[in-house]
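Written out below as structure tokens is the structure these notes cover.
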Amino acid sequence: MGKKLNKQQAILKYKYEVLPHVVREFGIEDQKTIEMTWDVYLKTLYLDFIIGEFSMKSWRYPKKLLGDLKNYL
């Protein structure tokens, strides 16, 4: 089993490894898709035993922490 991530680590991993690809593919205006990819990301982390079930179900999209999406273009 791999290392578990805390919430801050998961957000940073999403911000730098996932979000830039999502924004390039769908654009910064498609907030619904961006937030959906956060949910898919969390489910993937859960299925890979990187976060627990409680974390997957309770962590919400961190809009304030991800800042301005224009930086990801």
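Overview of values
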item: In region 54-73, the residues that are among the hydroxyl-bearing types (Ser, Thr, Tyr), assigned to a helix (DSSP H, G or I) and either surrounded by 11 or more Cβ atoms within 10 Å (Cβ to Cβ) or touching a residue at least 12 places away in the same chain (Cβ under 8 Å) (or both); result: 55, 72
item: Candidates 40, 22, filtered to the one that is of a type outside the set (Gly, Ala, Ser), part of a helix (DSSP H, G or I) and surrounded by fewer than 17 Cβ atoms within 10 Å (Cβ to Cβ); result: 40
item: Test: residue in region 4-11 that is in contact with a helix residue (DSSP H, G or I) (Cβ under 9 Å, 6 or more places away or on another chain), exposed (fewer than 13 other Cβ atoms within 10 Å of the Cβ), not in a helix (DSSP H, G or I) and not charged (D, E, K, R); result: yes
item: Among (1) out of contact with any helix residue (DSSP H, G or I) (no Cβ under 9 Å at 6 or more places or on another chain); (2) part of a loop (DSSP other than H, G, I, E, B); (3) of a type in the set (A, V, I, L, M) - the single one residue 51 does not satisfy; result: (1)
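Coordinate-derived values only; no laboratory data. These numbers were taken from a predicted model, which means no experiment stands behind them. Using ideal geometry, Cβ is built from the backbone for each residue, glycine included, and neighbour counts are taken over all protein chains shown.
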